[in-house]
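Enquirer: Structure below; questions to follow.
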Amino acid sequence: MLNLLKQYKFLILATIIFVALSTVGISRSIWFDESYSMYLTKGNFSQITEMTALDVHPPLYYWLLKIWAFIFGDSVTSFRSFSVLAGVFAIIGIYLLLKRWFSEKNANFLIFFLAINPFFLFYATETRMYTLIFALMAFSTLILDIALEKKTFKYWFFYFVLITLGLYSHYFFGVVIAIQFIYLLKHNFSWKNLLVYPALAVAYLPWVPALISQVTEVGHGFWIEPVNFETVLQFFSWSLIYFEYPFESPFYLVLIISVIILAIATAIFSMKKPKDREVGNLGMFILFPPLILVIISVFYVPVYVPRYIIYALALLPVFLALIAKMNIKNIFSKMLIVALVVCAGFGIYNIYYTASYNDNQVVNIIEGINKKDREVTPIIVNNVSPNYYDAVLNDTERHHVLVYQKEFYWGSIMPIKSYNLNYLEDFEQFKAENDEFWLLVEGDIPTIKGFETTDYVDFELNFNAAKYTKAP
């Protein structure tokens, strides 16, 4: 045991740093995507499958999250801990892959650039499937590399299981599989090895009808913005300092451009050195995903979302540090490593600064009601999408939260009606049966016939709430 701890002391230290830095922000305010994930777990596995078929992602993550909540509870911290654990597995998988490709010494050095990557740290505490995708990407690539060497069935079977899980977790895991396919063709081509992909297609057949339906919906318009020239700079800025371009301060722009220039200078210098073919393999997982998404976005429909390819952004500083370490005596290499550490420092600051102002307004309103009103009074949340799930998750015995949603125009809000939990279908009947209630709305407080307003909660935000009492 002591020998094992000594052998992996750098991996253990990097993991501890990652967990410590990521969990600092684990209690920050949730947002719609997270509350949607948490709400889905209130249904059974069949309902989860049905509801995700109406949305834009496959169901595996939500199935796992339901199991996790059953074991560890349904608090925000518990839900987010699942993502942290997946992030730990991602670090372990990447470390083993780096060790296999570049030596243990290089892995010991490079893994710290992943552990302190701000983009990775932020999404490590988000109740979504992104760190799970990263972990599956890391281990499936590792197992593929071993399978190509060992040429035994068990490793190909493990690889098949991992990529199947990945594709059932997120559609863009297909990008990972495409890169792994290129890797396979480059390193040890065999028609026998290609059989794993038809097997994957068969395993995915049950979900294909839902996939076709979702692609059709996305093809008619979606929330993702088109790509442009800024997309390139945003890839670097999100990865290195967790900040969206354009920047509020010109310092960030100078910092990012400096990293790019130093990286180019270091790469040019490295051309004079013996090349390691695995450098290009790591580079594929960083360059190809955004490139593929940009091409799809330009020629079909916008799909470029940085968090969907979390592994590419998280591994960018690792790749740049690798290039620098291979030529560590060069002044540009030393400057690049320093710049990457500086960027990580600013990025870590930014993710906690973001956490401090990303307050959930609906949750704040409900907390204000809880402080002001000690009576047993229901709260009606009236069409305040996309914050309905946030409200429901703050339901208490004293202030029962009900959602009054007139139209169900997104697949992501269908669980409200389908689950029929905290769902108010007939507002008129509710008014007839209740003498008092709070109404939470977006915008101005409305006048309700037969009721008078007796209290308010107003934080001068987009959402407001008023207490209504039946007029005498």
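Enquirer: Mind listing whichever residues of the stretch 234-266 are of a type in the set (A, V, I, L, M, F, W, C) and surrounded by fewer than 18 Cβ atoms within 10 Å (Cβ to Cβ)?
Expert: Across the stretch 234-266, the qualifying residues are Phe247, Phe251, Leu253, Val254, Ile257, Ile260, Ile261, Ile264, Ala265.
Enquirer: Among the listed residues Ala201, Ala178, Ala210, identify the single one that is surrounded by fewer than 19 Cβ atoms within 10 Å (Cβ to Cβ) and in contact with a Ser or Thr (Cβ under 8 Å, 6 or more places away or on another chain).
Expert: Ala210
Enquirer: Could you check the stretch 406-423 and list, in sequence order, the residues that are touching a Pro at 6+ places or on another chain (Cβ under 9 Å) and either buried (at least 16 other Cβ atoms within 10 Å of the Cβ) or outside the structural domain of Lys449 (by TED's automatic domain parsing) (or both)?
Expert: Scanning the stretch 406-423 gives Ser412, Ile413.
Enquirer: Do you know which of the residues in the stretch 7-62 that are modelled with pLDDT under 90 and among the small types (Gly, Ala, Ser) is surrounded by the fewest Cβ atoms within 10 Å (Cβ to Cβ)?
Expert: Ser27
Enquirer: Is the stretch 413-427 home to any residue that is among the polar types (S, T, N, Q) and at pLDDT 90 or above?
Expert: No - not one qualifying residue is present in the stretch 413-427.
Enquirer: While we're on this one: Just checking, does the stretch 141-156 include any residue being in contact with a His (Cβ under 8 Å, 6 or more places away or on another chain), within 13 Å of Tyr311 (Cα to Cα), assigned by TED's automatic domain parsing to the domain that holds Leu315 and not small (Gly, Ala, Ser)?
Expert: Looking for residues that are in contact with a His (Cβ under 8 Å, 6 or more places away or on another chain), within 13 Å of Tyr311 (Cα to Cα), assigned by TED's automatic domain parsing to the domain that holds Leu315 and not small (Gly, Ala, Ser), one finds none in the stretch 141-156, hence no.
Enquirer: While we're looking at this one, here's another question. Looking at Thr453, Thr447 in this structure, which one is at negative phi, without any contact (Cβ under 8 Å) to a residue 12 or more places away in the chain and among the hydroxyl-bearing types (Ser, Thr, Tyr)?
Expert: Thr447
Enquirer: Within the stretch 327-334, does at least one residue satisfy the condition of being in contact (Cβ under 8 Å) with a residue 60 or more places away in the chain, in the same structural domain as Met129 (by TED's automatic domain parsing) and hydrophobic (A, V, I, L, M, F, W, C)?
Expert: For the stretch 327-334, residues in contact (Cβ under 8 Å) with a residue 60 or more places away in the chain, in the same structural domain as Met129 (by TED's automatic domain parsing) and hydrophobic (A, V, I, L, M, F, W, C): present.
Enquirer: Between Asn360, Asn370, which is buried (at least 18 other Cβ atoms within 10 Å of the Cβ), more than 17 Å from the chain's Cα centre (by Cα) and of a type outside the set (A, V, I, L, M, F, W, C)?
Expert: Within the list Asn360, Asn370, the selection yields Asn360.
Enquirer: Moving to a separate point now. Those residues that are buried (at least 19 other Cβ atoms within 10 Å of the Cβ) and among the polar types (S, T, N, Q), I need them from the stretch 82-132; list them, please.
Expert: Answer for the stretch 82-132, where residues must be buried (at least 19 other Cβ atoms within 10 Å of the Cβ) and among the polar types (S, T, N, Q): Ser83, Asn117, Thr125, Thr127, Thr131.
Enquirer: Let me ask you something else. Return the residues of the stretch 383-404 that are modelled with pLDDT under 80 and either assigned to a loop (DSSP other than H, G, I, E, B) or touching a strand residue (DSSP E or B) at 6+ places or on another chain (Cβ under 7 Å) (or both); say none if nothing qualifies.
Expert: Within the stretch 383-404, Asn383, Val384, Ser385, Pro386, Asn387, Tyr388, Ala391, Val392, Leu393 meet the criteria.
Enquirer: Among the residues of the stretch 321-338, write down those that are touching a Ser or Thr at 6+ places or on another chain (Cβ under 6 Å) and part of a helix (DSSP H, G or I).
Expert: Ile323, Ala324, Phe332, Ser333, Leu336
The values are calculated or read from the model by the stated rules, or taken from the named source; none is laboratory data. This structure is a prediction, so every number in the text was calculated from the model and none was measured. Positions of Cβ are generated from backbone atoms using ideal geometry, with glycine treated the same way; all protein chains shown enter the neighbour counts.
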